[in-house]
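Participant: Here it is, the structure in full.
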Amino acid sequence: MNRDDTTPTPAEERLVGASADREDQAVEAALRPKDLGEFIGQEKVREQLDLVLRAARARGATADHVLLSGAPGLGKTTLSMIIAAEMGAPIRITSGPAIQHAGDLASILSSLQEGEVLFLDEIHRMSRPAEEMLYMAMEDFRVDVIVGKGPGATAIPLELPPFTLVGATTRAGLLPPPLRDRFGFTAHMEFYSPHELERVVHRSASLLDVVIEPDGAAEIAGRSRGTPRIANRLLRRVRDYAQVKADGVITREIAAAALAVYEVDARGLDRLDRAVLQALLKLFGGGPVGLSTLAVAVGEERETVEEVAEPFLVREGLLARTPRGRVATPAAWAHLGLTPPQAPAAGNGQQDLFGA
Ligand SMILES: Nc1ncnc2c1ncn2[C@@H]1O[C@H](COP(=O)(O)OP(=O)(O)O)[C@@H](O)[C@H]1O
Ligand SMILES: [Mg+2]
């Protein structure tokens with residue numbers, strides 16, 4: 001099994017970052033559900049995928065190509081492995097960024113076994129020529145291998161064994177329609193509910209031999225930003241705390257105290273998230289304020305604020321991006337325990353937003 005790792009940036013290594021850091025990669029293999037029955041949540045995706053795979057098995061055929069889209073940490077890699085396991089097929093793992101030349105893809109494709117699952121992570125980041133080669137491979141199980149250079153180059157058609165491509169992307173919208181259309185089944189993964197995350201935490205705790213009370217699991221789930229990877233990571237940090245500071249048992253109090261040490265608050269915001277909100281509220285009266293100004297105020301790069309902090313704040317309904325700049329919502333004031341200034345006079349932009 002090949003694994004092409006992309007080096008995480010510092011922003012991704014924060015405790016509530018959704019991308020896998022080195023420690024995650026080491027423990028995730030042990031925590032991954034092995035079949036559809038163990039996979040928690042995503043009911044619709046599971047039901048549909050179950051039908052697709054059962055039908056293929058009944059026909060004795062290779063399963064249709066599957067596209068998995070959704071935010072990092074929601075279970076795309078896990079599902080690709082489950083697809084292979086359910087089909088009793090081997091799996092080859094690679095990623096869009098690892099395939100720079102069409103030749104890289106040709107050599108992977110031509111070495112696949114019949115029925116093998118090819119997992120192509122970050123499929124939206126593949127190069128153009130590789131993408132075009134993939135079209136033909138997906139549709140006709142055939143590639144043209146170019147031999148030679150310049151005017152003398154010839155295309156030699158190469159038959160491939162039937163295989164199942166599982167593509168994963170965080171941005172289904174970035175896929176060119178001809179690529180998207182070649183998948184027989186597309187699954188969009190949603191963020192998990194707190195209840196589902198509690199089940200993830202309980203499951204992982206038992207695999208890690210950690211004793212956890214239901215309230216402790218709920219406390220961790222509530223701070224995990226809808227993301228199983230974050231839930232598993234917070235669980236490990238809370239476990240450390242429980243071992244050092246208590247008897248190892250994770251109660252609600254222990255979970256809350258541990259996550260306070262790591263500066264992950266009750267809603268899953270970390271220090272950066274709160275710094276952005278605090279600047280917006282305390283320095284700019286809740287906005288609107290431009291992104292660059294806000295970034296300077298928190299001493300971060302524009303991109304960090306925009307790409308690392310804002311998506312979750314927007315999703316949580318704490319911050320809004322408006323044409324005039326960033327604006328805090330009433331929920332942001334409430335979350336930080338601050339009182340919004342007096343309702344502004346008519347004509348101020350905040351009025352149209354909140355009807356205050
Ligand atoms: N539905 C689920 N049930 C249980 N654990 C899950 C589920 N989805 C993801 N996980 C866990 O979360 C972690 C990240 O999942 P992964 O498949 O690597 O996410 P992605 O590939 O979408 O970034 C893994 O450790 C996995 O075990
Ligand atoms: Mg993955």
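Participant: Would you calculate the convex hull of the Cα atoms in region 160-319 and tell me its volume per residue in Å³?
Facilitator: 174 Å³
Participant: Tell me the carbon and sulfur percent of the accessible area for region 56-145, rounded to whole percent, probe radius 1.4 Å.
Facilitator: 47 percent
Participant: What number, in percent, do you get for the relative contact order of the chain if the mean sequence gap of Cα pairs under 8 Å and at least 6 apart is divided by its residue count?
Facilitator: Across the chain, relative contact order equals 15 percent.
Participant: Once you place label points 7 Å from the Cα toward the Cβ at LEU207 and ARG57, how far apart are they in nm?
Facilitator: According to this spin-label approximation, the distance is 2.0 nm.
Participant: Taking a cut-off of 18 Å between Cα atoms, list the aspartates and glutamates near LYS282, but don't count ones fewer than 8 places away on the same chain.
Facilitator: ASP270, ASP273, GLU300, GLU310
Participant: A further question follows. Under a crude label model (7 Å from the Cα following the beta-carbon direction), how far is ALA26 from GLU301 in nanometres?
Facilitator: Going from the ALA26 label point to the GLU301 one covers 2.7 nm.
Participant: Among the DSSP beta bridges whose two residues both lie in the chain, what percent are antiparallel, rounded to the nearest 5?
Facilitator: 40 percent
Participant: Quick one: accessible area per residue over region 271-335, 1.4 Å probe, rounded to a whole number of Å²?
Facilitator: Accessible area per residue, region 271-335: 45 Å².
Participant: Same structure, new question: Between LEU338 and ASP215, what length in nm is gained on full extension when 0.36 nm per residue of separation is reduced by their alpha carbon distance?
Facilitator: That pair, LEU338 and ASP215, stretches by 41.5 nm at full extension.
Participant: How much area per residue is accessible in region 47-112 when the probe is 1.4 Å and only protein heavy atoms are counted (Å²)?
Facilitator: Accessible surface, normalised per residue, equals 37 Å².
Participant: Moving on to the next point. What list of ³J(HN,Hα) couplings, whole Hz, do you get for region 198-206 from phi and the Karplus terms 6.51, -1.76, 1.60, once you set θ to phi - 60° and write x for glycine and proline?
Facilitator: Working through the residues one at a time gives 4, 5, 4, 5, 4, 4, 5, 4, 6 Hz.
Participant: Hey, how many Å between the Cα centroid of region 8-82 and the Cα centroid of region 113-189?
Facilitator: 20 Å
Participant: Still on this structure: Could you give the radius of gyration (one decimal) and Dmax (whole number) of the Cα atoms in the chain, in Å?
Facilitator: 23.6, 76
Participant: So if R0 is 30 Å, what FRET efficiency would GLU43 and GLU253 give, r being the distance between their Cβ atoms, rounded to the nearest 0.05?
Facilitator: 0.35
Participant: Oh, and also: What is the Cα coordinate range of region 177-220 on the first, second and third principal axes, sorted by size from largest, in whole angstrom?
Facilitator: The Cα atoms of region 177-220 stretch 49, 19, 11 Å along their principal axes.
Participant: I would also like to ask the following. Quick one: compute the contact order of region 222-350, relative version, from alpha carbon pairs under 8 angstrom and 6+ residues apart, as a percent.
Facilitator: It rounds to 19 percent for region 222-350.
Participant: Less than 22 Å apart at the alpha-carbon level, and either on another chain or at least 8 residues along: which lysines does that give for LYS149?
Facilitator: Hits, sequence-local ones excluded: zero.
Participant: Expressed as a whole number of Å, what is the distance separating the alpha-carbon centroids of region 93-109 and region 195-269?
Facilitator: Spelled out, the Cα-based centre of one part sits 38 Å from the other.
Participant: To the nearest 20 debye, what charge dipole does the chain have about its Cα centre, counting +1 at the Cβ of each Lys and Arg and -1 at the Cβ of each Asp and Glu?
Facilitator: My answer is approximately 480 debye.
Participant: Please report, as a whole percent, how much of the solvent-accessible surface of region 194-261 comes from carbon and sulfur atoms (probe radius 1.4 Å).
Facilitator: Whole-percent figure for carbon plus sulfur exposure: 51.
Participant: Can you give me the convex hull volume of the Cα atoms of region 271-335, divided per residue and expressed in Å³?
Facilitator: Given the Cα convex hull of region 271-335, per-residue volume reads 71 Å³.
Participant: What are the principal axis extents of the Cα atoms in region 194-261, in Å, biggest first?
Facilitator: 27, 24, 18
Participant: Continuing with this model, one more query. Give, to the nearest whole percent, the P(r) tail of region 110-157 beyond 18 angstrom, counting all Cα pairs.
Facilitator: Above the 18 Å cut-off, region 110-157 has 41 percent of its Cα pairs.
Participant: Taking amide H positions as placed 1.01 Å from N in the peptide plane, with prolines and chain starts having none, which residues 5 or more places from ARG142, or on another chain, fall under 5 Å of its amide H?
Facilitator: ALA137, LEU160
Participant: For region 42-188, what does the relative contact order come out to in percent, with C-alpha contacts under 8 Å and a separation of six or more?
Facilitator: 34 percent
Participant: Using only the alpha carbons, work out the radius of gyration and Dmax of region 94-196 in angstrom.
Facilitator: My reading of the Cα-based Rg and Dmax gives 15.3, 62 Å.
Participant: Relative to the present Cα-Cα distance, how much length would full extension add between ILE146 and GLU159 at 0.36 nm per residue of separation?
Facilitator: Gain on stretching ILE146 to GLU159: 3.3 nm.
The values are calculated or read from the model by the stated rules, or taken from the named source; none is laboratory data. Note that the coordinates shown come from a computational prediction; the quantities given were computed from them, not determined experimentally. Note that each Cβ is placed from the backbone with ideal geometry, even for glycine, and that neighbours are counted across all protein chains shown. The accessibility values were calculated without ligands, DNA or RNA, using every heavy atom of the protein model including side chains. Shrake-Rupley method; radii C 1.70, N 1.55, O 1.52, S 1.80 Å.
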